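One structure below.
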Amino acid sequence: MSASLAAILILVLPLLVFLLRVAVPFARRQVPVLASSVSVINLVLSAYILYEVIVGGAVLSGFTWLEFGKYRLNAGIFLDKLSASMLLVVWLVAAAVKFYSFGYMYGDRRFEDYYALLSLFAFSMSGLVISLSLIQVFIFWELVGVCSFLLIGFWFDRNAASRASIKAFIVTRLGDVAFFVGLLVLLLSFDTLDITALGHSFGLYLPEASLAALLIFIGAVGKSAQFPLHVWLPDAMEGPTPVSALIHAATMVAAGVYLIARVQFLFVDTSVRGIVLAIGIVTALVASIIAVFQRDIKRVLAFSTISQLGYMMAALGAGAFAYGIYHLYTHAFFKALLFLAAGNVFHAVHSLDITDAGGLIKKLKWTATLFLIGALNLAGFPLTGGFFSKESVLYGVKESGFLWAYYLLIAGVFLTSFYIFKVFFRVFLGAPGKNFEEAHESPSVMIVPMVVLALFSFGTIFLAFAHPLNEAARVHFSFNEAIPSLAASLVGILFAYVTYGLRKFEFEAFAAHAIYEFFYNRLYIDEFYEVVFLGGYRLLAKAAGWIDRYIIDGAVNGVAHVSIFLGQMVKRIESGLVQLYLFYTLVFVFLLALWLYWLGGRF
Amino acid sequence: MIELAVVAAAFMAAAGIYGLLSRRNLAFVVLSLELIFNAGILLLVLLLPSATNQADTVSAALLLLAVGAAEVAFGFALAVVLARKYRTSDILVLTQLEGKVER
């Protein structure tokens, strides 16, 4: 079997599962099992593709899809080391999440729909990863956006969920518009949208290429929840927790990072790269500061995801594309793991507020261990995958010469290890909290996928020494280089142990304080958008409504009123007196005669 | 001489029109109509011979006189029937054909 055939199978199988749910009513019961088996098959297929690509080199196959003028849009499959390894990551997390959901979502009213939507998402995400041309990427990009919308609003009978899904859809759409304009710029200046053809075209140093790069980056900012457009991701936590793990931690939000790495040849201009770096740093820092003050476990993880995506963006901005992608892979595993562990906590105590929980390590041994593994990865503890990838990112940023960026990211490392261990110590250690007595460990169908993810989060260490993306991307740092960030990370853990592990100094004691409120309410960025953009929009709508009501409707009604008035006037002539009618006739005949006479005089 | 006759015809028509517009009695309205009609015939008899054959003119005038007589007979008969039925000849009272229109 050739690699391209395997790739087509990977696309077709999950789509078939989705169509089965949509089109065949009696096959409803089989959907979850089919979706899970498809994910295992696709996992094997994507591993096979990666092997083929590493052994045999990149695979390109496609056809001309649209032809207009001198432009030709192709569609097809592009498998190189980057896309094949990303595909494997997607299907690993997707398979783990699908098995986990058997436990987590079981008994839900729309259990089968849930699996159908997950399959559609996995299809779209695979399509995005292995697309040949950027227009194809854009289509799948929108499809994953739709899946994200549908899955955030999966429990749409809850008002918060439906609002969050709409918010996510609209905010990411802002970036997508810029992405699409970027594609048009590329098409007009390079006559093609094929990724490989663009990579080999001349003139990548031209301002057009940089403009397109910037516009595509704005698209990635929307999708990857970078700083000004990050507001949708915390709200997206209203969806089911496994969805957060798959879409809003591991795969879809990383699509922006993946896209930038995919079109890295456009980012030759250092000023464009500087913008990417700056946005990444700001996002990484701001999100980790906000995460420190959040009380809901999933919100902490959401801001952590935003922050880690900021690290990836920073690596891309520094030109260390392979390092950014490396961090994407490790992050996909350990963040999905952390989310699933949070799901277990919710499963056990029916609350995600860290002030409600406590001492859960006695009841949830597996969950606590797995959460600890995820947390150590996130904090960059030595000998975890997270350690190597984070050090790679920091090394890449330092090597690019932006020392200020490097130090800011070190500060971010401290905050990261603090907030995640704050959650760990608060939830799993100490005195028992709410619902402690009824808490019980999740079934093994939920634990085993998490164990697999934990193993893979260690497995990514391997990538540090044999990076599949390119030879030059091997990790270069020595352990001396890692000392500052390692120190920051350990100090963060220690600080979290003192404040939350020993319950000496909990931030929540200052809940009423204005500064705490400022950070807890996410710097009031959402409220700012609410007032400025939604308020402005409402003002505009009001103005348009006024114009519609009083000027357009006024004109229409005015015509009617004038007609009625004229009718009332003219009605009086029609008195029904035949003699009067005759008189009118006579008058007009007389006038006609005068007119004819006057005409006759003219000639 | 012929101009005097045309002026007389014009006077006849004017008197007929005045009667038609001002009289309220149906019998006088029919009478006025006949006056206008006869003014027309008078003009025909006076002016056509200069253009066409005289015999044609005379026969046409006789035909028109017969039509006018028939019309008058009908008109008066109607007026008499209405007067008998509604006990009035006032055309402002006889407004059944006008229909019920709100004013």
request  = Per residue, how big is the convex hull around the C-alpha atoms of the protein assembly as shown? Give it to me in cubic angstrom, could you?
outcome  = 334
message = If I model a spin label as a point 7 Å beyond the Cα along the Cα-Cβ vector, how far apart are those points for residue A:1 and residue A:278 in nm?
response = 4.9
task = Could you compute the FRET efficiency for residue A:552 and residue B:62, with r as their C-beta to C-beta distance and R0 at 60 Å, rounded to 0.05?
result = 0.30
query = Residue-wise, which Karplus ³J(HN,Hα) couplings in Hz belong to the stretch A:508-522, taking 6.51 cos²θ - 1.76 cosθ + 1.60, θ = phi - 60°, and x for glycine or proline?
reply = 5, 5, 9, 3, 8, 5, 4, 5, 4, 4, 4, 7, 4, 8, 6
note = In nm, the gap between the two label points placed 7 Å beyond Cα toward Cβ at residue B:2 and residue A:543 is 8.1
Spacing of the two label points (7 Å from each Cα toward its C-beta) at residue A:72 and residue A:593, in nm = 8.6
ask   = Suppose R0 equals 56 Å; then what is the FRET efficiency for residue A:189 and residue A:437 from their Cβ-Cβ distance, rounded to the nearest 0.05?
value = 0.25
task = Identify all aspartates and glutamates with a Cα-Cα distance to residue A:571 below 17 Å; exclude those on the same chain that are fewer than 8 residues away in sequence.
result = B:98, B:102
request  = Lys and Arg at +1, Asp and Glu at -1: add these up for the other residues within a Cβ distance under 15 Å of residue A:285 and post the number.
outcome  = +2
task = Quickly rank A:580-589, A:446-455, A:316-325 as a protection proxy: mean count of other C-beta atoms within 10 Å, highest first.
result = A:316-325, A:446-455, A:580-589
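Using only alpha-carbon positions, what ratio does the radius of gyration of the stretch A:88-228 give when scaled by 2.2 N^0.38 Å?
1.23
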query = What ranking, highest mean first, results for peptides A:78-89, A:267-278 when packing means the other Cβ atoms within 10 Å averaged over each residue?
reply = A:78-89, A:267-278
Shape call, the stretch A:190-244: gyration tensor on alpha carbons, a/c limit 1.5 = prolate
ask   = If you line up the long axis of helix B:54-86 against the longest principal axis of chain B, both from Cα atoms, how many degrees apart are they, to the nearest 10?
value = 10
query = Angle, helix B:2-22 long axis vs. longest principal axis of chain B, Cα atoms, 0 to 90°, nearest 10?
reply = 10
query = Counting partner chain Cβ atoms within 10 Å of every residue's Cβ in A:577-585, what's the average?
reply = 3
message = Highest mean first, how do A:427-435, A:128-136, A:555-563, A:20-28 rank when packing is the count of other Cβ atoms within 10 Å averaged over residues?
response = A:128-136, A:427-435, A:20-28, A:555-563
Range in chain A, longest, excluding exposed GluC sites (Glu not before Pro) [loop by DSSP; at most 12 other beta-carbon atoms within 10 Å] = A:1-436
note = A student applying the Cα gyration tensor rule (rounded when a/c is under 1.5; otherwise prolate if a/b is larger than b/c, oblate if not) would label the stretch A:368-518 oblate
note = Rounded to whole angstrom, the alpha-carbon centroid of the stretch A:347-391 lies from that of the stretch B:1-65 at a distance of 119
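Rule-based calculations on the coordinates, nothing more; no lab input. Just so you know, these numbers come straight off a predicted model, no measurement behind them. Methodologically, a virtual Cβ is constructed for each residue, glycine included, from the backbone with ideal geometry; neighbour enumeration extends over all protein chains shown.
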